[in-house]
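Trainee: Structure in structure tokens, see below.
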Amino acid sequence: GDRYDVHAVQEKWLPVWDELAPFRSGRPDDPRPTKYILDMFPYPSGDLHMGHAEAYALGDVVARYWVQRGFNVMHPIGWDAFGLPAENAAITRGLDPRGWTYDNIAQQRASMRRYACSFDWDRVLQTCDPEYYKWNQWLFLRLFENGLAYRKPSSVNWCPKDQTVLANEQVVDGHCERCGTAVTKKKLTQWYFKITEYADRLLDDMNQLRGAWPDKVLTMQRNWIGRSSGADVVFEIEGRVEPVTIYTTRPDTLYGATFFVVAADSDLAAELAAEASPSVRDAFGAYLDQVKATTEIDRLSSERPKTGVFLERYAINPVNGERLPVYAADYVLADYGHGAIMAVPAHDQRDLDFAKQFDLPVRTVVSVLGDDGAPLPDPAETFEATAGDGVLVNSGPLDGMTKAEGIAAIIAQLAGDGLGKAATNYRLRDWLISRQRYWGTPIPIIHCDTCGEVAVPDDQLPVELPPAEGLDLKPKGQSPLAAASDWVNVDCPTCGGPAMRDTDTMDTFVDSSWYFLRYISPDATDVPFDKAEVQRWMPVAQYVGGVTHAILHLLYARFFTKVLYDLGMVPVVEPFARLLNQGMVLMGGSAMSKSKGNLVRLSEQLAEHGVDAVRLTMAFAGPPEDDIDWADVSPHGSARFLSRAWRLSGDVTSSPGVDFSTGDVALRRVTHRTLHESAQLIEGFKFNVAIAKVMELVNVTRKAIDSGVGGADPAVREAVEAVAVVLSLVAPYTAEEMWARLGHQPAVALAGWPAVDESLLVEESVTCVVQVAGKVRDRLEVAPGISEDELREKALASDAVKAALGDKGIRTVIVRAPKLVNVVPG
Ligand code: ANZ
Ligand code: ZN
């Protein structure tokens, strides 16, 4: 019949593809060049949604394209299956997180199959499988052995509702990323990974990623690491034996320091307050309580009025002996730099705000010029600090120097006197990986009173999670595992005495920091991944995923890769050579949510329009980085286009294998240009433009069939086969059906990208007549689309024209592109 039955076509090809498994990546002896295409793996929180549908449609274009180009493509999928949502769902519904998780995985997997994702179903992994998390534990122990995993007591972000510790990255505007509850602080002994030891390399290796990762992501990573350089400067505190070191990025402003601030929650503040008068001691105590309830974001906010307590002490400026009053305040953080600062209100806005609040002096030491070349007004008058470069004043021997000269000179002077040195600081903190929750990887450490922290021996891995049955999973500030006494109480592997397992589980970001390596040898039982295979596949050629992971996941994966490189286990220092961040799918201009009532269900879209139309709509909506507003796109239009393309395949009357070279040249040119251009466009992530080219080819082919050329012309077969191959990247069912109607065997996904005949890419030319004073003097072969300016230039450059003109000047040149130029001599 001539009606395209989308659903019948889907049912027809799914079992055929199951049988053929066209996307099973080549095993070690495959001679084709390798290409590793990776989609960020999903969290199994329910069935696939529109966001997944977009991401996997785009990842599929890339993976299927490289398969067509003859590469041995690995395009695996798995599930990021540990974490809070499963545990919370289990608590609310009284279920085991396992059942909930594996049920959702099964549902998502079925949906991915139907959505025709080009995944290699032989490489699937689930992070909650003991076969997977065994290697989390094994890798943890390698970090532990190398001093990169350690425990320390510290004040941590605490979600009172989830009763769990949160990494800084999981605190959004002072609230828990998961549940939205306001985050507080709590002291706990926690496991950390020493990512700060890699801060410089995480920054410097980004040079390798420039142009291959979105600039936005690189900037976010750079800011997160937050390297700054300046100086450590030593200050005496009157009445204290030990001097105090501060960190400053502006040692050139040392002569402008008018007071001194220590972090209110630092040990130094507590010590100085304890020695102060009773009223100050009380004021400090009350202030500290307030500070502890304040989030770091608020503390750093420039909007909040500055607060603090004078501690009745003075610091001595090392360069001029001035006495600077010492305050405890919350805008200085205890764990950045040295937790104490010299305050230079004229040139630092935070210090100026504080000086205004506490009526402290403001001394300008840098004369800064504005955009208009005039000196900026005095910060003491305007209360606007001048942070820019300028000429140093009121600074003794530094007077007249620039900022850079001043920094170098003061560092040299302080270093000579043993009072300071150049220093670097990072905003990046070590990675807190302890979680007091059940549904995660147990930390493979045993605590023994005699031996301390003892690693579980490798041959006893995995430390399996005990069954959830009988455990109270409700959050309570201590891991539910602590109640599994049979599991917790063990013999110390070193001395054999009674000992206890660590009851924390790992942050699930540990799972996703190396999963891309496990896909490479998912069945390996004696190593986390096979070194030779890693050598063959890494780095990932193309990573596709949401910008929500721009900082955290990518930073941690980069860190793990560098650690594994140092351990000699992987040959690369950067895991992801190229990164594509797809936009979001919105509805009516805003993010979809059940509560807003603007949720578009993927299952309903697929039922209404078919898989191909939804996939095509995702890829055609615009540049992949942009958000898609589902209210603005037309899956109906996509479906209509697909049936138009499908109809072409029924109108081809030549046989497979016919010699294309005898076909209609005009149509052949369009076909070859489409193949050539769409390949370039896909490699440049301009999927929507590539699809527009195919639409054009479909139209031109339809015209050719219906006009003189006819369906028997070999060029028509060539065009329709090209349409099927390019469409196989976005609309695999339609493409397969077309391919079959054209007389071929499945799978069209493996048909191969048709070779482009370069001679058909050369634009046709037209003959342009060039006249001088109305007489034909030359004929030029030019492109039909040549511009008037270019044609004028070409004509005047002609030797015949120059000869005809002789030494006569030119009065005017009349250009009628592309056919005629008439030069009128002066
Ligand atoms: C004097 C000064 C003068 C400063 C000036 C800036 C401008 P980044 O770039 O973020 O590293 N600082 C140092 N330790 C701090 C802490 N624990 N909490 C809050 N602020 C701290 O900024 C470093 C600057 O931030 C340092 O340089 C210090 O203020 C402040 F015209 O010292 B500066
Ligand atoms: Zn022991």
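The values are calculated or read from the model by the stated rules, or taken from the named source; none is laboratory data. This is a predicted model, so every value here is computed, not measured. These accessible areas exclude ligands, DNA and RNA; they are computed on the full protein's heavy atoms, side chains included. Shrake-Rupley method; radii C 1.70, N 1.55, O 1.52, S 1.80 Å.
Trainee: If one computes P(r) from the Cα atoms of segment 240-396, what percent of pairs lie at distances over 21 Å?
Mentor: That fraction is 45 percent.
Trainee: If you don't mind, another one. Take the Cα pairs of segment 196-319, get the Kirkwood Rh, then feed it into Stokes-Einstein at 37 °C and 0.692 mPa s and tell me D in µm²/s.
Mentor: 184
Trainee: How much area per residue is accessible in segment 341-498 when the probe is 1.4 Å and only protein heavy atoms are counted (Å²)?
Mentor: Counting only protein heavy atoms, the per-residue value for segment 341-498 is 48 Å².
Trainee: For segment 399-535, compute the orientation-averaged projected area of the C-alpha convex hull (one quarter of its surface), in nm².
Mentor: 16.4
Trainee: Let me ask something additional. In square nanometres, what is the average projected area of the Cα convex hull of the chain?
Mentor: Mean shadow area of the hull around the Cα atoms is 49.0 nm².
Trainee: Sticking with this one: Taking only DSSP H segments of four or more residues, each worth -39500 (n - 2.57), what value at 222 nm results for the chain once the sum is divided by all its residues, to the nearest 500 deg cm²/dmol?
Mentor: -11000 deg cm²/dmol
Trainee: Once you have the alpha carbon radius of gyration of segment 672-826, what is it after dividing by 2.2 N^0.38 Å, with N set to its residue count?
Mentor: Output field value: 1.52.
Trainee: If the viscosity is 1.567 mPa s and the temperature 4 °C, what Stokes-Einstein diffusion coefficient in µm²/s follows for segment 1-98 when Rh is the Kirkwood radius over Cα pairs?
Mentor: Roughly 78 µm²/s, to the nearest whole number.
Trainee: At a 1.4 Å probe radius, carbon and sulfur cover how many percent of the accessible area of the chain?
Mentor: Answer for the chain is 50 percent, counting heavy atoms of protein chains only.
Trainee: Relative contact order for the chain: what is it in percent, counting Cα pairs under 8 Å that are at least 6 residues apart?
Mentor: The normalised contact order for the chain reaches 13 percent.
Trainee: Can you give the Rg to Rh ratio for segment 316-475, taking only C-alpha atoms and Rh from Kirkwood?
Mentor: The Rg/Rh ratio comes out at 1.24.
Trainee: Quick one, can you get me the convex hull of the C-alpha atoms of segment 72-138 expressed as volume per residue in Å³?
Mentor: Once divided by residue count, the hull of segment 72-138 is 100 Å³.
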